[in-house]
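**Q** Dropping the structure in here first, questions after.
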Amino acid sequence: MTETSLKNNVLKMIRDEFPDIWFYKTHDLCTSGIPDILMCQDGHLCAVELKRPGYDYTKSKGWKLQKHIIDRINACGGKATVCTSVDEVRKFLKKEVRRNG
């Protein structure tokens, strides 16, 4: 599965299963390092960086910056993570958004 198809499947799942969540899919022209999907519900920020399954993203060119931004979001009280499947995103949202919402 490509990262693009993963992103499309995740966005469909969010629309179908979490209709109250506002989300924004970042684009390639956005600032480097920003997670792929930014979401908010009841004032709580969640962010997901999507990576294709089986890919060692920790060795990729932009990973250090992506990790830094994920760590900063978490340090500021938001919730950010890396996911490699629709199910991982679903579990993350059920834990983080529904708990806070």
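**Q** Given (1) in contact with a strand residue (DSSP E or B) (Cβ under 9 Å, 6 or more places away or on another chain); (2) at positive phi, where does ALA47 come up short, assuming only one miss?
**A** Status for ALA47: all satisfied but (2).
**Q** Further, regarding this structure: Among residues belonging to region 13-25 that are assigned to a loop (DSSP other than H, G, I, E, B) and either in contact (Cβ under 8 Å) with a residue 60 or more places away in the chain or in contact with a Pro (Cβ under 7 Å, 6 or more places away or on another chain) (or both), point out the one that is nearest to VAL86 (Cα to Cα).
**A** Initially, region 13-25 is screened for residues assigned to a loop (DSSP other than H, G, I, E, B), giving 18-21.
After this cut, where a residue has to be either in contact (Cβ under 8 Å) with a residue 60 or more places away in the chain or in contact with a Pro (Cβ under 7 Å, 6 or more places away or on another chain) (or both) as well, the list is 18, 20-21.
Working: PHE18: 13, ASP20: 18, ILE21: 16 Å.
If we take residues in region 13-25 being assigned to a loop (DSSP other than H, G, I, E, B) and either in contact (Cβ under 8 Å) with a residue 60 or more places away in the chain or in contact with a Pro (Cβ under 7 Å, 6 or more places away or on another chain) (or both), then PHE18 is nearest to VAL86 (Cα to Cα).
**Q** Restricting to region 40-85, give me the number of residues that are in a helix (DSSP H, G or I) and out of contact with any Leu (no Cβ under 8 Å at 6 or more places or on another chain). Don't jump to the end; show me each part of the working.
**A** To start, the set of residues in region 40-85 that are in a helix (DSSP H, G or I) comprises 57-59, 63-75.
If we keep only those that are out of contact with any Leu (no Cβ under 8 Å at 6 or more places or on another chain) too, we end up with 57-59, 63-72, 74-75.
The qualifying residues number 15.
**Q** Between a residue in region 84-101 that is farther than 15 Å from PRO53 by Cβ and of a type in the set (Val, Ile, Thr) and any residue that is at pLDDT 85 or above and buried (at least 16 other Cβ atoms within 10 Å of the Cβ), which pairs come within a Cβ distance under 7 Å, given they are 6 or more apart or on different chains?
**A** VAL97/PHE18; VAL97/ILE21; VAL97/GLN41; VAL97/HIS44; VAL97/CYS46
**Q** Now, a different point. Scan region 41-56 residue by residue and report those that are at pLDDT below 95 and either surrounded by fewer than 18 Cβ atoms within 10 Å (Cβ to Cβ) or touching a Pro at 6+ places or on another chain (Cβ under 6 Å) (or both).
**A** ASP42, GLY43, HIS44, ARG52, PRO53, GLY54, TYR55, ASP56
**Q** With the requirement that a residue be part of a loop (DSSP other than H, G, I, E, B), surrounded by 15 or more Cβ atoms within 10 Å (Cβ to Cβ) and of a type in the set (A, V, I, L, M, F, W, C), what does region 26-39 give you?
**A** ILE34
The values are calculated or read from the model by the stated rules, or taken from the named source; none is laboratory data. Predicted, not measured: the structure shown is a model, and the values here were computed from it. Glycine gets a Cβ as well: all are built from the backbone with ideal geometry, and neighbour counts include every protein chain shown.
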